[in-house]
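The values are calculated or read from the model by the stated rules, or taken from the named source; none is laboratory data. Predicted model, so just to flag it, every value in this text is computed and none were measured. Here the Cβ is made from the backbone with ideal geometry for all residues, glycine too, and neighbour counts use every protein chain on show.
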C-alpha cells in the first residue's frame, strides 16, 4: 500500500505551469487538475518529460477572507515542481522549494476539500 506524506484530494482549482528552460521563452499554460496536495499535483498535460522543472501557479481559495462559507479566490501560490510521472496526458509533479506558508495553505485546502467530500457522501447516503 502506497503511503503519501500529504493528504491528496481531487481538485479543479485553477492550475498553471511553465517549463523552466533558458532562455525562458515558454508561456504559462493552463491545465486541468486531477488532484492536489501540499507536496504535489497530478494534472492533464502533454509534451512533458520526467525530470522537467516547472514554474507552477495554483489558485486556491482564501478561507480567511471568505464570508459565510463562500470561498474567496486567493492570490496564486507560486512554486516549482519537478515532473515525476508523465504517462500519456497525465502528468504528476512533486513540489520543490515551496514556502512554508504556501504549504500550509495547500494543506488547509486539502483538509477542507476532504471534509466537504466526506460530508457530501454522508448526506447522499442518508438521503
Consider residue 58 carefully, then state whether it is surrounded by 10 or more Cβ atoms within 10 Å (Cβ to Cβ), within 15 Å of residue 13 (Cα to Cα) and at pLDDT 85 or above.
yes
Please count how many residues of the range 9-32 are at pLDDT below 80, within 18 Å of the chain's Cα centre (by Cα) and not in a strand (DSSP E or B).
1
Test residue 75 against the criterion of being touching a strand residue (DSSP E or B) at 6+ places or on another chain (Cβ under 9 Å), modelled with pLDDT under 90 and more than 23 Å from residue 115 (Cβ to Cβ), and give yes or no.
yes
